[in-house]
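The values are calculated or read from the model by the stated rules, or taken from the named source; none is laboratory data. If you're wondering where the values come from, they're calculated on a predicted model, not measured in any experiment. When we count neighbours, we look across all protein chains shown, and the Cβ atoms used for this are built from the backbone with ideal geometry, even at glycine.
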Amino acid sequence: MTITADGIYKSFNGFPALRGVNLSASRGEFVALLGPSGSGKTTLLRILAGLEFADSGRLLFNGRDVASQGAGERNVGFVFQHYALFKHMTVAENVSFGLRVKPRDKRPPKAVIDKQVNELLRLVQLDRLGDRYPSQLSGGQRQRVALARALAIQPAVLLLDEPFGALDAKVRKELRRWLRRLHDDMQLTSLFVTHDQEEALELADRIAVMSDGRIEQIGTPAEVYQRPATAFVYEFLGNANRLPCRIDRGRAMVGSLVLPAPEHPELRDATGVAFVRPHDLIIGDARAEGLEARVRQIFVAGPAIRVELALLANGEMLEAEVPHGSPAGELIAPDKLVTLTMTKIRAFPDAATA
Amino acid sequence: MTALATSLSGGFKRPSVLPGFGLTLGFAVAYLSIIVLLPLSALVLRPATLGISGFLGVLMDSRVLAALRLSFGAAFIAAVVNAFFGLIVAWVLVRYDFPFKRIVDALVDLPFALPTAVAGISLATIYAPNGWVGSLFKPLGIEIAFTPLGVLVALIFIGLPFVVRSLQPVLQDLDKEVEEAAVSLGASRWQTFRLVILPAILPALLTGFALAFARAVGEYGSVIFIAGNMPLVSEIAPLLIVIKLEQFDYAGAAAIGVIMLAASFLILLLINLVQRWSRRHEEH
Ligand SMILES: Nc1ncnc2c1ncn2[C@@H]1O[C@H](COP(=O)(O)OP(=O)(O)OP(=O)(O)O)[C@@H](O)[C@H]1O
Ligand SMILES: [Mg+2]
């Protein structure tokens, strides 16, 4: 199933939750909706599922307009953030619900339903727990029941709202890899909401980064991470230090440093911000050329040494990462004066001067 | 008291994070004994002076049997009617916004607050053959006031708040997403209500039903004005008790009381068991 959303607009009592969203997902694709809280991810997903209706815009499933179809007719599996299981039904009854409510002429016979439920429970690795009630399950198990319940109606589209939000890091990791395999095996078209960028980068074929009711950028994980289209996307994906700069003819001036900014050959002396990732900040000796900064804190635990520094020029805090055992490690000590240089930055002109 | 509680709790106490099980159980048992069991045991002991045959004699009296049948029958039907319409009223009050909603909401409690005699007299007035409502039914050949139907009307009137107030908080707390899940799995509105909403509110509905029923069985003030009180036809058991008291037949009055007590207790116990079954998914 291909999904196309075209200029979706939705407001709640005058508050615009979605402001013209364009999105498409082709058959078999796994798309992540990534964005900060309140950016409209759930609203978009609910509109796709038919649980909410757009004020304007078109929504096509396989090229057909589904605006007039209710949630029950769209054949969409929806997994709610808080599972929304039927508490008074057993796990097996939860899973079979979508089959049991089919109109009489389309409803499979009981034996067939039982067989399908057993298969689904095996698929989500809950085959012994069919007789339990949701209150007797762990969070991860409930999550998988919710998934099995959504899959029972053999949806062409699977929508998941922060499917791993309430789980601990380890279970999260296991479940998401497993979900990706399941998606591939069943040839679904899936959209899932997350505000965990690592999850989106690891799992998705494409990522749609949302902010303030709009999609800022959509692309493969490599594209959005390496070539972020806007300052927002750069900051949202991974840690970033912000430095004020001037952009002029494909170069960015950060303090006394002049760095290449090939994306902006046309700009003439515009103000903007330069972003630099912590591992692209190079710490040098105090006498070397660069931005002067003072070391504030050092965190040694973790895969690399994390250093917090304050720029002498304006007191701004920066974060740098230094591999364990590198020569720069020798230079840092609390309160020590150092210089900072960088090779790789990404500059964005301020909105007003762009 | 705590010693008693501890010995009582031996077999069924489960470890809990909330302290004070022994103390609170002891208090509850003592409190119920003084407030409920003590007066009731006096009631049960009183007809003992009649002996078994005297006791059965009171019961087998056709007037007593008719009164008991009317009291329990009408109370049961009234509770069923209230469960149905009370559910609709509670649903509308929780789910929809409409003008004067607060006022309608407050109206629900009125049958509760009104002195029962006032309620009884107003009901009798409007349902009498020449009253507002009674005159509408008269041409159809239906008389409400001064018939068993009148008893039913009064019992429905006083029972409504119990169902509505038991259901409201539970309806309010229903998770919207659970209903949406049902809809997106293809359930119709009716299926969603029957399979998802109703089981969730069933325990509260049963509570409301039991309260409305219990109140209706014992109701006196609002019924006697509209009932007409014809022996064998529209005479309720509580009235018969009063009549016996006025004739200084204390043992006879207590005998009817004991029967009502036993029957009510059994019925409430039964409702409680059904309720337990309807909550089976919560425990373990
Ligand atoms: N039913 C509603 N009524 C009014 N406002 C709403 C409603 N649903 C969402 N909103 C508003 O729309 C905006 C987008 O909400 P949405 O739930 O889509 O955000 P989200 O991206 O899913 O956030 P989160 O990550 O916190 O779940 C929010 O500002 C929210 O307050
Ligand atoms: Mg959300």
Within the set of pairs 6 or more residues apart or between chains, which connect a residue that is within 14 Å of another protein chain (Cβ to nearest Cβ) inside the range A:28-45 to a residue that is within 9 Å of ligand 2 (Cβ to nearest atom) and outside any loop (DSSP other than H, G, I, E, B) with Cβ atoms less than 9 Å apart? A:THR42/A:ASP161; A:THR42/A:VAL193; A:LEU45/A:ASP161; A:LEU45/A:VAL193
Would you call B:TRP190 out of contact with any Pro (no Cβ under 6 Å at 6 or more places or on another chain), hydrophobic (A, V, I, L, M, F, W, C) and outside any helix (DSSP H, G or I)? no
Across the range A:149-182, which residue is nearest to the other protein chains (Cβ to nearest Cβ) among those that are among the basic types (Lys, Arg) and in contact (Cβ under 8 Å) with a residue 40 or more places away in the chain? A:ARG149
Those residues of the range A:27-42 which are surrounded by fewer than 22 Cβ atoms within 10 Å (Cβ to Cβ), near ligand 1 (Cβ under 8 Å from one of its atoms) and not in a loop (DSSP other than H, G, I, E, B), in sequence order: A:THR42
Would you pick out the residues in the range A:237-252 that are touching a Ser or Thr at 6+ places or on another chain (Cβ under 8 Å) and more than 19 Å from A:GLU316 (Cα to Cα)? A:ILE247
The range A:48-73, residues that are facing chain B (nearest Cβ under 9 Å) and either at pLDDT 90 or above or touching a strand residue (DSSP E or B) at 6+ places or on another chain (Cβ under 7 Å) (or both): A:ALA49, A:GLY50, A:LEU51
From the residues in the range A:176-221 that are small (Gly, Ala, Ser) and crowded, with 18+ Cβ neighbours inside 10 Å, which one is nearest to A:ALA152 (Cα to Cα)? A:SER190
Every residue in the range A:60-83 that is within 16 Å of ligand 1 (Cβ to nearest atom) and over 22 Å from the mean Cα position of the chain (by Cα), please. A:ALA71
Test result for A:GLU321, touching a helix residue (DSSP H, G or I) at 6+ places or on another chain (Cβ under 9 Å) and either of a type in the set (D, E, K, R) or in contact (Cβ under 8 Å) with a residue 24 or more places away in the chain (or both): yes
For the range B:223-254, name all the residues that are surrounded by 17 or more Cβ atoms within 10 Å (Cβ to Cβ) and assigned to a loop (DSSP other than H, G, I, E, B). B:GLY228, B:ASN229, B:SER234, B:GLU235, B:ILE236
Out of B:VAL178, B:VAL183, B:VAL223, report the one residue that is aliphatic (A, V, I, L, M) and either more than 13 Å from every other protein chain (Cβ to nearest Cβ) or farther than 30 Å from A:ASN75 by Cβ (or both). B:VAL223
Quick one: in the range A:1-13, which of the residues that are of a type in the set (Gly, Ala, Ser) and more than 13 Å from ligand 1 (Cβ to nearest atom) is nearest to the chain's Cα centre (by Cα)? A:ALA5
Filter the range A:98-116 for residues that are in contact (Cβ under 8 Å) with a residue 24 or more places away in the chain and more than 18 Å from B:LEU195 (Cα to Cα) and give the result. A:GLN116
B:GLU235 fails exactly one of (1) more than 22 Å from B:ALA119 (Cβ to Cβ); (2) at pLDDT below 90; (3) not small (Gly, Ala, Ser), namely (1)
Do we find that B:ALA182 is surrounded by 23 or more Cβ atoms within 10 Å (Cβ to Cβ) and under 30 Å from A:ASN94 (Cβ atoms) in this structure? yes
Does the range A:48-58 contain any residue that is under 22 Å from A:ASP205 (Cα atoms), in a helix (DSSP H, G or I), within 16 Å of ligand 1 (Cβ to nearest atom) and small (Gly, Ala, Ser)? yes
Can we say A:TYR83 is touching a residue at least 12 places away in the same chain (Cβ under 8 Å), aromatic (Phe, Trp, Tyr) and assigned to a strand (DSSP E or B)? no
Counting only residues that are within 24 Å of the chain's Cα centre (by Cα) and closer than 23 Å to A:VAL101 by Cβ, which one in the range A:119-148 is nearest to the other protein chains (Cβ to nearest Cβ)? A:ALA146
Test set (1) part of a helix (DSSP H, G or I); (2) more than 16 Å from ligand 2 (Cβ to nearest atom); (3) surrounded by 22 or more Cβ atoms within 10 Å (Cβ to Cβ) - A:GLY77 fails condition number: (1)
Just to be sure before I move on: is B:ILE271 touching a residue at least 24 places away in the same chain (Cβ under 8 Å) and more than 30 Å from B:PRO129 (Cβ to Cβ) in the structure I sent? yes
Please verify whether the range A:14-26 includes one or more residues that are away from every other protein chain (no Cβ under 14 Å), more than 16 Å from ligand 1 (Cβ to nearest atom), outside any strand (DSSP E or B) and in contact with a strand residue (DSSP E or B) (Cβ under 8 Å, 6 or more places away or on another chain). yes
